[in-house]
Amino acid sequence: MSDDETPEITATRPDSPIQTTGTDHVTVWGSNEEDTLAFYRDLLGMPLVLRQPNLDDPSQTHLFFDTGDGRILTVFVGDRPSAAGQRVSTGAVHHLCFSVAPATFEETTTALEEDGRGYNVFDRGIFLSLYTRDNNGLVIELTTDKYDVPDEKRGAVLATAQRLREEDGAEFAEDEHLRAALEEHGLDATPNDLPDAPSGVGGVPEAGDDTE
């Protein structure tokens with residue numbers, strides 16, 4: 001693909017030699033078990049569903065968390081202190097994103113405040129995003145849908161919103177593009193009751209720098 005070509009945006013699967021069927025799990029390097037459990041299990045509510053040695057390095061422990069829909073986050077932990085810093089380089093994880101129900105969004109911010117964690121909330125046009133950090137400084141995004149989008153229709157709805165955005169000449173997909181996409185697919189476009197938030201476009205502060 002040349003520099004001036006734009007990749008096609010479509011929910012149709014490409015004619016590729018491998019066809020993935022979904023996300024099985026994501027694995028990150030963690031610090032120690034106690035701090036990792038305190039954040040992912042005790043604060044974010046992810047049950048610990050499996051605990052065993054890291055099969056590639058038995059000196060490490062491998063923790064498996066259910067993120068809420070059967071998709072798994074796993075963490076390698078050992079005898080390491082938690083750290084605030086995060087290395088950023090090509091190939092590194094920028095952030096992890098998990099969804100929360102719109103009805104519990106404000107409860108989520110309250111829980112973070114009570115846990116002494118900073119966060120920032122932004123309106124990303126097609127969803128609302130909250131950014132905080134885990135015990136090792138990894139950026140954690142908690143997103144909630146502005147509209148209820150069925151999982152089996154999500155790819156098609158987003159691809160339609162992209163087309164509408166381009167036709168509108170907008171820089172990014174906005175609320176009206178998602179709403180129109182839902183209507184085009186014959187889906188309910190009633191917005192969820194969520195707080196107003198700035199877009200954060202053009203200079204987002206570091207996650208957790210300030211508490212909203």
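The values are calculated or read from the model by the stated rules, or taken from the named source; none is laboratory data. Just so it is clear, the model here is predicted, and its values are computed rather than measured. Cβ sites come from the backbone with ideal geometry, for glycine too, and all protein chains shown count toward neighbours.
Only one entry in 111, 103, 38 is modelled with pLDDT under 95 and of a type in the set (A, V, I, L, M), namely 103. Look at the range 162-182: where a residue is under 14 Å from residue 148 (Cα atoms) and of a type in the set (Ser, Thr, Tyr), no partner that is at pLDDT below 95 and crowded, with 18+ Cβ neighbours inside 10 Å sits 6+ places away or on another chain with Cβ atoms under 8 Å.
The residue that is farthest from residue 9 (Cα to Cα), among those in the range 161-178 that are within 21 Å of the chain's Cα centre (by Cα) and of a type outside the set (A, V, I, L, M, F, W, C), is 175.
Pairs are defined by a Cβ separation below 8 Å, a sequence spacing of at least 6 or placement on different chains, a first member in the range 102-116 that is within 16 Å of residue 196 (Cβ to Cβ), and a second member that is of a type in the set (Phe, Trp, Tyr); the pairs so defined are 109/119. Flag set for residue 120, criterion: in a strand (DSSP E or B), under 18 Å from the mean Cα position of the chain (by Cα) and of a type outside the set (Val, Ile, Thr). Restricting the first member to the range 34-53 and to residues that are over 18 Å from residue 100 (Cα atoms), and the second to residues that are among the acidic types (Asp, Glu) and in a strand (DSSP E or B), the beta-carbon pairs closer than 6 Å and six or more apart or on different chains are 49/66.
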